[in-house]
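Here is the structure we will look at, set down as structure tokens.
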Amino acid sequence: MKKEGEELLLPFLKIRVMNNKKEWVSGYLFILPSLILLIILVFYPLFLTFIYSFYDMSLTSASARYLGWEAFQKLSRNRMLSLIFNNSLTWTILVVFFQFLLGLGSALLLNKSFVGRTLLRGIVILPWVMPGVIAGMAWRLIYDPQLGLLNHYLQTLGIINQPLTWLSSPTMALYAVIFAAIWKGFPFSTIMYLAGLQGVPPELYEAAEIDGANERKKLSHVTLPCIKPVITVTLLLTFIWTFNYFELVYIMTGGGPAEKSHIFPTYIYDLAFKRFRFGDASRFAVVDFLFLLIFSLFYVRLSFRSEESS
Amino acid sequence: MSGSVLEVRKVHDQEKKPEQIITFIFALLLAIFVIFPFVVMVSMSLKTPGEQFTSPPYLIPHRPTLSNYLHVFGRGSMFAQYFLNSLLIASVSTLIVLGVSVFSSYGYARMDFPGKNVFLVLLLLSQLFPLAAIIVPLYRIMGNLKLIDSYFSLIIGYLVFSVPVGVWLLRSFFLGIPRELEEAAIIDGCTRFQAFWKIVIPLVRPGMGATAAYIFFITWQEFMFALTFITSEAKRTLPVGIFDFVGQYETNWGNLMAASILICIPVFILFLFVQKQLVGGLTQGAIKG
């Protein structure tokens, strides 16, 4: 115990030795280029978006009119806001949940030994590596009512009687894109969980076996607790990325039919560059950002608390 | 004696057999699920126009042809130009990001200075909003600088999301290198910068390769900025350019899928080479962060 404590202290002792003014200066010099870029290219535009959100503003800045808080009162009465919010939550929660299941399942599978495992490990990653635009086009082809193989197979199997228009149906369009998004993104979860699984010490499984644990017990009492930190991080990352994922929805449905499948990023883009309503676009962007910020803060606090208690 | 060992083994194998079959079935299902869209793409890219529109559709072309691929590079097609544009923009962006983030990530990984954690949090915060949230101000800034419809608009725009990713990834590679090496070099009379440049950089080279590949990959496929900042046909990049094959009334699926496969190939090859490094960096970066 004592030895462990000393080891923990060691880095701090070292830092103190090296910690002088010169180190500060060179530290700042090293991070300066990226910091400047970050401020100019990320935080300054973000600040401008907040400013724009208080204006009624279109393509030409000459016509900008200051609205103040009234702008957000108007936004709260905008019936598109609740639709976009619902869609974004449905989209994100379903995609993240199924990517988690599929990612964990495939990682457990790929951690076993079987013929062709190396090949499958290489193949599994492909959907995540392929450009989003192309994934969107490929799924458009699969869903196509006439040319698509999905309808054909489902009809052959007798599951449906006539071709369905997946992407142009107001009720199904979003869910059809959700399925494609699960396919596109789950390999990232697979990679993360596979790396996590490979870090679980084999002794733990041996000990569990001696205690008479079956496969299910081993999963819930050894595997999952061991990879919990990886799960926590992966869920947060996939949540943020999915919430902000633009390409698939934009390519596959364009937010349609009748704006029923829009999520935040696609609707913001449409407002800005199809209708040139920069003010409205900025307000939706602010809501998007604040929601993710608050969500992430809560998530991080909650996961830290549960880590401390366990 | 040896007979009984063999027997025990046999029994063990028999117990394992059903389990292995189940594993194999799941592996097969996973493979089909992952590959199916790619098979659809390849199939369509090999079909003649007549076969493309046959109803009901089928997977294996009766008379496979490469004419779609030839068409993509053929007369009247801008594909080769788009390819060069994409290559140029992705390469230049990658070089800039690498140059900037190699110093910054080292600073974050190794040096100690007031406010370091604040800057790290800022770096993470920059991942929280959609690009759509800052595209309006960026568009106006580019407009004021007369950069709209230039390669620079995309190269600068791509720094927005690739610098934070580059710094974060490289930082995790630096963290994986033992501190003692630099300390030994400094004791031997190297300056801090020499220790960084001569000792650490060579060691982190594989990590730099993986980071470069990842940055190339995300800039190669970027769509929203490319769609917005570039207005003239000759300067388009591939993700926007393939929409040439999507007509207002009819989509040329054969050409579109052939072009799509050609766009995928460079990134797939790139990934093949850096997969191991990159996975290490991504998982380490996420967990240590």
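What the table below lists for this structure:
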quantity	calculated
Residues residue A:40 and residue B:194, FRET efficiency given R0 of 41 Å [Cβ-Cβ distance, rounded to 0.05]	0.85
Kirkwood estimate for the range B:186-242, i.e. one over the average of 1/r between Cα atoms, Å	14.4
Helix runs (DSSP H) in chain A reaching 24 Å along axis by Cα, Kyte-Doolittle at least -0.5	A:2-18, A:21-38, A:79-111, A:173-198, A:224-243, A:278-309
Using θ = phi - 60° and Karplus 6.51 cos²θ - 1.76 cosθ + 1.60, couplings along the range A:248-255 (whole Hz; Gly, Pro as x)	4, 4, 5, 6, 7, 10, x, x
Within 10 Å of each Cβ in B:263-269, the average number of Cβ atoms from other chains	3
GNM flexibility winner over chain A from A:235, A:147, A:37 (Cα, springs under 10 Å)	A:37
Extreme residue, positive dipole direction of the protein assembly as shown, given options A:151, A:178, A:207 (C-beta unit charges)	A:178
Charge context of residue A:81, other residues only, Cβ under 15 angstrom, K/R +1, D/E -1	+2
Partner chain coverage, peptide A:23-29 - average Cβ within 10 angstrom	6
Sites residue A:221 and residue B:22 - FRET efficiency at Förster radius 25 Å, r taken between beta-carbons, to 0.05	0.70
Relative contact order computed over chain A (Cα-Cα under 8 Å; 6+ residues apart), in percent	26
Percent RCO, i.e. relative contact order, over chain B, from Cα pairs under 8 Å lying at least 6 residues apart	28
Of the DSSP H helices in chain B, those whose Cα atoms cover at least 20 Å axially and whose Kyte score averages -1.0 or more	B:2-45, B:79-110, B:151-175, B:201-220, B:253-288
Paramagnetic reach from residue A:175 (point 7 Å along Cα→Cβ, amide N under 14 Å) across the range A:81-115	A:90-91, A:94-95
Ratio of Rg to Rh over chain B (Cα coordinates, Kirkwood Rh, two decimals)	1.10
Exposed chymotrypsin sites (Phe, Trp or Tyr not before Pro) absent - longest run of chain B, DSSP non-H/G/I/E/B, at most 15 other C-beta within 10 Å	B:59-248
Average beta carbon contacts from partner chains per residue of B:230-242, 10 Å cutoff	1
With 10 Å bins from 0: P(r) over the range A:81-309, alpha-carbon pairs, percent	7, 26, 30, 22, 12, 3, 0
Where only C-alpha atoms are counted, convex hull volume of the range B:88-164 per residue in Å³	103
Exposed-site-free run, longest, chain B (rule: trypsin sites (Lys or Arg not before Pro); DSSP loop; at most 10 other C-beta within 10 Å)	B:147-289
Amide H contacts of residue A:55 (H built 1.01 Å from N, under 5 Å, at least 5 apart or other chain)	A:67
Radius of gyration and Dmax over the Cα atoms of the range B:125-175, both given in Å	13.3, 41
Pairwise Lys count, the range A:81-309 - Cα closer than 26 Å, eight or more residues apart or different chains	9
Three-way shape call for the protein assembly as shown based on the alpha-carbon gyration tensor, with the a/c threshold at 1.5	oblate
The range A:28-111: C-alpha gyration tensor shape, a/c 1.5 cut-off, then a/b vs b/c	oblate
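Every read-out reported here was derived from the displayed coordinates using simple, explicitly stated rules and does not represent laboratory data. Here the structure is a predicted model, which is why all the values come from computation and not from measurement. Please note: Cβ atoms are built from the backbone with ideal geometry, for glycine as well, and neighbour counts cover all protein chains shown.
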